[in-house]
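The block underneath contains the structure these notes are about, expressed in structure tokens.
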Amino acid sequence: MSVDITLINKLLAAQNIMVLTGAGISKESGLSTFRDSDGYWAQYDPTKLASLDGFLADPLLVWKWYYERKQKAIAANPNAGHLSLVEMERLFKNFHLFTQNVDNLHRRAGSVNLYELHGNIFHSHCLNCGIKYNDDFVITDKVPICDICGGMIRPSVVWFGEQLPSDILKVAFEYANKCDVFFTIGTSSEVYPAAQLPFIAKDKGAFIIEINPNPTSFSPTADLSIRNPASEALTEIIHLYKQVRGI
Ligand code: OAD
């Protein structure tokens, strides 16, 4: 593994550490990614399942897919990758974790400085009046309907063509601009604006570490590419860091 003293020295000197995660960090919890050969988009059409037009065309199809994913997320447990990021939050003063994942596993692991860029599969809201539901809907043959206005309820996730929550995006750009170390973990770096964050950090002089068993379009820009699963790489980084600090 390419974890060495250069990275540890960067971590020792860092004032602000930023992390961006994607579906790959939850793969070792048994959840599917999107763009791997066994990922969702190899089987399903994202325009049908992850867009407002797709939802309006067939809301039950979309709800069934999210319901199934929610059941899988409930059955899954955070893995050593998620837990390592919780430990890093304890070890480093200014540590901020941004995720594209909607599976709730970072929160369940115990991450607190956590920003969900693409929403959360366990929340939903009315398409018509916007009222929020912390749902426990069981989806069989009906789309959930709003108690207040009778509108269709939708999952509170960001679909293709939709804006990310502006408050979270603002914070993400702010941290990308000021961090000294940036980790991009388990993401193919294909979906913007999330994929732009490490480029911003790099432009501002941050040291960028990519953790991904496979190369991505971001890899040539990374200062260090660790080609191992997230759980192994993060465990090793923490181990070495603690060894050097004698803790
Ligand atoms: P992708 O499926 O595009 O990428 C997952 C990445 O994880 C790939 O580059 C894999 O090589 C890597 N990977 C696989 N196993 C890994 C492991 N054990 N450790 C580390 N990395 C591993 O998923 P995202 O980049 O998260 O949006 O996709 C971004 C967005 O596109 C998602 O939020 C979703 C999707 O369409 C919407 O649904 C709107």
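Observations, loosely collected:
- Qualifying residue in the stretch 28-47 (condition: in contact with a helix residue (DSSP H, G or I) (Cβ under 6 Å, 6 or more places away or on another chain) and in a helix (DSSP H, G or I)): yes
- Inside the stretch 171-200, residues that are surrounded by fewer than 15 Cβ atoms within 10 Å (Cβ to Cβ), near the ligand (Cβ under 8 Å from one of its atoms) and within 23 Å of residue 113 (Cα to Cα) make up a count of 0.
- Of all the numbered requirements in (1) more than 15 Å from the ligand (Cβ to nearest atom); (2) farther than 22 Å from residue 89 by Cα; (3) charged (D, E, K, R), residue 162 misses one, and that requirement is (1).
- Which listed residue, of 151, 119, is within 16 Å of the ligand (Cβ to nearest atom) and either touching a residue at least 12 places away in the same chain (Cβ under 8 Å) or touching a Leu at 6+ places or on another chain (Cβ under 9 Å) (or both): 119
- Some residue of the stretch 68-76 being within 16 Å of the ligand (Cβ to nearest atom) and closer than 26 Å to residue 222 by Cα: no
Let's see how each residue does on (1) among the β-branched types (Val, Ile, Thr); (2) within 15 Å of the ligand (Cβ to nearest atom); (3) free of Cβ contacts under 8 Å to residues at least 24 places away in the same chain; (4) more than 30 Å from residue 239 (Cβ to Cβ):
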residue	(1), (2), (3), (4)
62	yes, yes, no, yes
78	no, yes, no, no
81	no, yes, no, no
111	no, no, no, no
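- Residues located in the stretch 18-46, provided they are more than 30 Å from residue 174 (Cβ to Cβ) and near the ligand (Cβ under 9 Å from one of its atoms): 28, 32, 36, 39, 40, 41
- Selection from the stretch 1-26 of residues that are out of contact with any Leu (no Cβ under 7 Å at 6 or more places or on another chain) and in a helix (DSSP H, G or I): 5, 6, 9, 10, 11, 12, 13, 24, 25
- Search result, residues across the stretch 129-143 that are in contact with a strand residue (DSSP E or B) (Cβ under 7 Å, 6 or more places away or on another chain) and either in contact (Cβ under 8 Å) with a residue 24 or more places away in the chain or surrounded by fewer than 16 Cβ atoms within 10 Å (Cβ to Cβ) (or both): 131, 132, 134, 143
- Selected residue [surrounded by 19 or more Cβ atoms within 10 Å (Cβ to Cβ) and at pLDDT 95 or above] from 77, 104, 113, 94: 104
- Of the residues contained in the stretch 27-35, one or more are found to be touching a residue at least 12 places away in the same chain (Cβ under 8 Å) and touching a Leu at 6+ places or on another chain (Cβ under 7 Å).
- Qualifying residue in the stretch 9-16 (condition: closer than 16 Å to residue 184 by Cβ, more than 15 Å from the ligand (Cβ to nearest atom) and more than 23 Å from the chain's Cα centre (by Cα)): yes
- In the stretch 201-224, residue farthest from the chain's Cα centre (by Cα) [restricted to those that are buried (at least 19 other Cβ atoms within 10 Å of the Cβ), more than 9 Å from the ligand (Cβ to nearest atom) and outside any loop (DSSP other than H, G, I, E, B)]: 207
The values are calculated or read from the model by the stated rules, or taken from the named source; none is laboratory data. Remember, it's a predicted structure, so these values are computed and weren't measured experimentally. Ideal geometry is used to build each Cβ from the backbone, glycine not excepted, and the neighbour counts take in all protein chains shown.
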